[in-house]
Amino acid sequence: MQYCNHCGAHVSLAIPPGDSLPRHVCDACGHIHYENPRLVVGCVAEWEDRILLCRRAIEPRHGFWTLPAGFMENGETTAQAAARETHEEAGARILIDAPFAMISIAHINQVHLFYRGRMSSPHFAPGEESLEVSLCHPAQIPWNELAFRSVSLCLERYLADRAKGVFGFHETEIPAA
């Protein structure tokens, strides 16, 4: 950040009085610009014991498989974000069951939150951000072609819980490499 979004003046990196972290502070008006982690929200959506996966048509990780997920928008709940992203990326309508996994990725300023959900019908189609969409039995999941570690962790825990017949809530973090 170079300029204040309030007055357009130059900003400097400084620790504001009463704070403990460096922030972008406007040299002219004093406005403090807080930057916070971004929330990525998605869903493990099922239809008849198969899991909905999308092959990415965008970077990062173009051509790799993922769960339908994306950045939460202002003005929506996390559950609404999961349903919207599933519809946008996979053309599927879902019923949200419960939050399932939260994965903190501090080194890229993101938190990934995945819900458990069920497709309301077997209809799906790739959206603009997906090359293709597929319903996969667990044995068909392309583990070596998954786009993100958060997706792998979520699916591993999901399948373990499903095998036990009891779903919990899982929280973990992915450290910097």
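The values are calculated or read from the model by the stated rules, or taken from the named source; none is laboratory data. Values in this document were obtained by computation on a predicted structure and should not be read as measured data. With ideal geometry, Cβ positions are generated from the backbone for all residues, glycine too; neighbour counts draw on all protein chains shown.
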Give the residue that is nearest to residue 160 (Cα to Cα), with candidates limited to residues of region 96-119 that are in contact (Cβ under 8 Å) with a residue 24 or more places away in the chain and not in a strand (DSSP E or B). 106
Among the residues that make up region 83-95, is at least one of them in contact (Cβ under 8 Å) with a residue 40 or more places away in the chain and assigned to a strand (DSSP E or B)? yes
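The rows are residues; the columns are (1) surrounded by fewer than 16 Cβ atoms within 10 Å (Cβ to Cβ); (2) farther than 19 Å from residue 55 by Cβ.
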residue	(1), (2)
96	no, yes
101	no, yes
125	yes, no
144	yes, no
155	no, no
171	yes, yes
176	yes, yes
When you go through (1) closer than 14 Å to residue 47 by Cα; (2) in a helix (DSSP H, G or I); (3) under 17 Å from the mean Cα position of the chain (by Cα); (4) not β-branched (Val, Ile, Thr) one by one for residue 162, which number turns out not to apply? (3)
Go through (1) touching a Phe, Trp or Tyr at 6+ places or on another chain (Cβ under 7 Å); (2) hydrophobic (A, V, I, L, M, F, W, C); (3) at pLDDT below 95 one by one and return the number of the condition residue 135 breaks. (3)
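So, in region 124-158, exactly how many residues are assigned to a helix (DSSP H, G or I) and either within 19 Å of the chain's Cα centre (by Cα) or not assigned by TED's automatic domain parsing to the domain that holds residue 66 (or both)? Full working, then the answer.
If we filter region 124-158 for residues that are assigned to a helix (DSSP H, G or I), which is where we start, we get 138-140, 143-145, 149-158.
Okay, now just the ones that are also either within 19 Å of the chain's Cα centre (by Cα) or not assigned by TED's automatic domain parsing to the domain that holds residue 66 (or both), so 143, 145, 149-158.
Residues that pass the stated criteria total 12.
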Within the bounds of region 50-61, is there any residue that is touching a helix residue (DSSP H, G or I) at 6+ places or on another chain (Cβ under 6 Å) and surrounded by 12 or more Cβ atoms within 10 Å (Cβ to Cβ)? yes
